[in-house]
Amino acid sequence: MNKVLIGGIVGGVVLFIWSALVWTVVPLHKPSLHNIPNEEAVIGALKANMGEKGLYVFPAMPDMGAGQTSADAYTQKMKQGPVGVIVFDPQGMDSMMPGQFIVGFLLDLVAALLAAWLLSRSTALASPYVSRVMFCGVLGIFASFISFLPGWNWMGYPMDYTTAMVADTILGWLITGLVIAAIVKAPATQQA
């Protein structure tokens, strides 16, 4: 259990460092994030029409109980475009607050602890180092399949954004796996 705890803590630190680097130094995400042309006018329209914090979609989804006509109109609007998703907070927020870093680190720490625990319970535990690293990499693939690919499929997230997020997640878990796999392993007499 000590190996799982140590592996998870060290893995959490590595994952947090990777996350910081991939968003600030490595240019992986920059090409997929676009500024809004005429930002002030768009923000003014958003403030005038959306009062509360939330996730908004357009075109507006029909009330499926209202009858076939609204569903047909929605289908037509989807075909014509534009379509989109807006995460909106009229109050704004401070950028890069210490609380955000703390929560981000805690999320990475819990995720790495879970990865270390899963590795300790798997048949990969007694496998060679590379296999244990790959076990963690597969967790990144799994996380991508349940997190980013559904957004691409169902919500129309752009492929460049989706690809960057998937690459970030898989690479992050492979790098995190390098340290978790070095710590979380079967006793030498049980290793293959």
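The values are calculated or read from the model by the stated rules, or taken from the named source; none is laboratory data. Everything numeric here is computed off the predicted structure, so don't read it as measured data. Please note: Cβ atoms are built from the backbone with ideal geometry, for glycine as well, and neighbour counts cover all protein chains shown. To get the accessible areas, we keep the full protein, side chains included, count just its heavy atoms, and leave off ligands, DNA and RNA. Shrake-Rupley method; radii C 1.70, N 1.55, O 1.52, S 1.80 Å.
Details
- Some residue of segment 68-89 being farther than 25 Å from Gly156 by Cα and open to solvent by 70 Å² or more (accessible area, probe 1.4 Å): no
- Segments classed as helices (runs of 4 or more DSSP H), wholly inside segment 74-170, with at least 3 members that are more than 30 Å from Gly51 (Cα to Cα): 98-121, 129-147
- If you filter segment 152-172 down to residues that are farther than 28 Å from Leu5 by Cβ and among the hydrophobic types (A, V, I, L, M, F, W, C), you find that the one that is most open to solvent (accessible area, probe 1.4 Å) is Trp154.
- Residue that is over 15 Å from the mean Cα position of the chain (by Cα) and open to solvent by 30 Å² or more (accessible area, probe 1.4 Å), where the choices are Leu139, Leu149, Leu125: Leu125
- In this structure, Ile175 qualifies as in contact with a Phe, Trp or Tyr (Cβ under 8 Å, 6 or more places away or on another chain), open to solvent by 30 Å² or more (accessible area, probe 1.4 Å) and either assigned to a helix (DSSP H, G or I) or under 19 Å from Ala124 (Cα atoms) (or both).
- Some residue of segment 11-21 being at negative phi, more than 18 Å from the chain's Cα centre (by Cα) and of a type in the set (Val, Ile, Thr): no
- Pair list, Cβ under 6 Å, 6 or more apart: segment 161-180 residue closer than 13 Å to Leu119 by Cβ and in contact (Cβ under 8 Å) with a residue 12 or more places away in the chain, other residue open to solvent by 30 Å² or more (accessible area, probe 1.4 Å) and in a helix (DSSP H, G or I): Trp173/Leu139; Thr176/Val14; Val179/Val10; Val179/Val14
- Residue match in segment 10-29 (condition: touching a Ser or Thr at 6+ places or on another chain (Cβ under 6 Å), open to solvent by less than 90 Å² (accessible area, probe 1.4 Å), β-branched (Val, Ile, Thr) and within 21 Å of Leu174 (Cβ to Cβ)): yes
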